[in-house]
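These notes are about the structure you will find just below.
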Amino acid sequence: MSDTGRGASDIDEGWVFTLPADDDASWELLDARPGDDMERARVPVEPDDVTALGGTWQAVESGRFTLPADLAGEQLLCWAVPPDSGPATALLRGCAAVGLADGSRVEATWGEAGFRADVD
């Protein structure tokens, strides 16, 4: 069955995490460089590695997640799910660069185009 042409769906499982977009260590953790296509990135990630770099790690519950109210500026917003196998806690499914401000609302989706995040 093909999902070609189907719209994006809200994410409903796993974790959402943020990393400072202007920090080289964030990109190193994701095995990427600024400007890389991150919509379909797939690397193992650990919550402790994310928080050690000043990032946040939040569970997705019933399709919703909450980011800290004081989180602002350019961030990498990423989605991770439990891995199929292996020792990693989570497997990255994709990231999007977002500009956050006080009171921002974020809608994150997964679809044919990969992971997307829109800030309102």
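Determine the per residue accessible area of region 59-106 with all protein chains present and a 1.4 angstrom probe, expressed in square angstrom. Write out the running numbers ahead of the final one.
Working: 2590 Å² over 48 residues.
Here the residues of region 59-106 average 54 Å² of exposed surface.
Relative to the present Cα-Cα distance, how much length would full extension add between Glu46 and Thr89 at 0.36 nm per residue of separation? All intermediate terms of the calculation are to be shown ahead of the outcome.
On the way: separation 43, 0.36 × 43 = 15.48 nm, distance 0.56 nm.
Full extension of this stretch gives 14.9 nm more.
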Discussion item. Viscosity 1.002 mPa s, temperature 20 °C: give me the Stokes-Einstein translational D for region 69-119 in µm²/s, with Rh taken as the Kirkwood radius over C-alpha pairs.
Written reply: 176
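Tally up the carbon and sulfur contribution to the accessible surface of region 81-120 as a whole percent, 1.4 Å probe, everything protein left in place.
44
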Worksheet item: Hey, with R₀ at 41 Å, roughly what FRET efficiency would Asp102 and Glu39 work out to, going by the Cβ-Cβ distance, to 0.05?
Response: 0.95
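Using only the alpha carbon atoms of the chain, find the Kirkwood hydrodynamic radius as the inverse mean reciprocal pair distance, in angstroms to one decimal. It would help to have the intermediate numbers written out before the result.
On the way: mean 1/r = 0.0690 Å⁻¹.
For the chain, inverting the mean 1/r across all distinct Cα pairs yields 14.5 Å.
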Discussion item. With the crude spin-label approximation of a point 7 Å out along Cα→Cβ, what separation in nm comes out for Gln58 versus Val119?
Written reply: 1.3
Item to complete: Could you calculate the contour length gain from Ala25 to Ala72, that is, 0.36 nm times the residue separation minus the distance between their Cα atoms, to one decimal place in nm?
Response: 15.1 nm
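The values are calculated or read from the model by the stated rules, or taken from the named source; none is laboratory data. Everything quoted here is computed from the prediction, not taken from an experiment. Cβ sites come from the backbone with ideal geometry, for glycine too, and all protein chains shown count toward neighbours. Side chains are part of the model used for accessible areas, which takes the heavy atoms of the whole protein and leaves out ligands, DNA and RNA. Shrake-Rupley method; radii C 1.70, N 1.55, O 1.52, S 1.80 Å.
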